[in-house]
Amino acid sequence: MPNYDEFADDQDEVAEDGGAYGNTTNWCLFGEIVRIELITRLVLVCRDKCDFAFLVAIYRDGNAQVDPSSYKIGHTVAVLNTTTKKFLDGREGVRVEKLETCRMNTELVKYTGGIDEQSDTRPCQACGKEAQERKNCGGCGYYYYCDTACQKMA
């Protein structure tokens, strides 16, 4: 389960030719709600497993209704396939435009290291060999390689 700062920001999703990259991996950002702001929209101030504070700003799509009373301090929010952004006030967080990608749980999901353990193998992006231990690309973070030689080959 990635920390908040391991997520791509909203600028990372645009290809050089102006198109969008199509991700084939799904991920979920979990955060404990520590404060709720209702000034212009529902904004959840959350913290991740490393105690990093970030925002989850809910932007209603169309006529979708958001019930702020269902979100409580201490509850867990889960946001699917999100990217990070810096808001106009300088704070960092995620923008939720599709409500179906954001869920809330009434109980705090206790973090356990076992969630992050990978038991499956990952192929090297260059040579295709399967192994459990791979180094991921420091640039994009999406691809895995045997070593720097394979990364240069790709």
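The values are calculated or read from the model by the stated rules, or taken from the named source; none is laboratory data. Just so we're clear, the structure is a prediction, and the values are computed from it rather than from any experiment. Methodologically, a virtual Cβ is constructed for each residue, glycine included, from the backbone with ideal geometry; neighbour enumeration extends over all protein chains shown.
What do you reckon, is Thr106 loosely packed, with under 13 Cβ neighbours inside 10 Å, at pLDDT below 80 and touching a His at 6+ places or on another chain (Cβ under 7 Å)?
yes
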Of everything in the stretch 28-77, what is surrounded by 13 or more Cβ atoms within 10 Å (Cβ to Cβ) and of a type in the set (Gly, Ala, Ser)? Give them in sequence order.
Gly31, Ala53, Ala57
Hits in the stretch 32-79 - residues which are without any contact (Cβ under 8 Å) to a residue 24 or more places away in the chain and of a type in the set (Ser, Thr, Tyr):
Thr40, Ser69
Testing Leu88 on (1) at pLDDT 85 or above; (2) assigned to a strand (DSSP E or B), one condition comes back false. Which one is that?
(2)
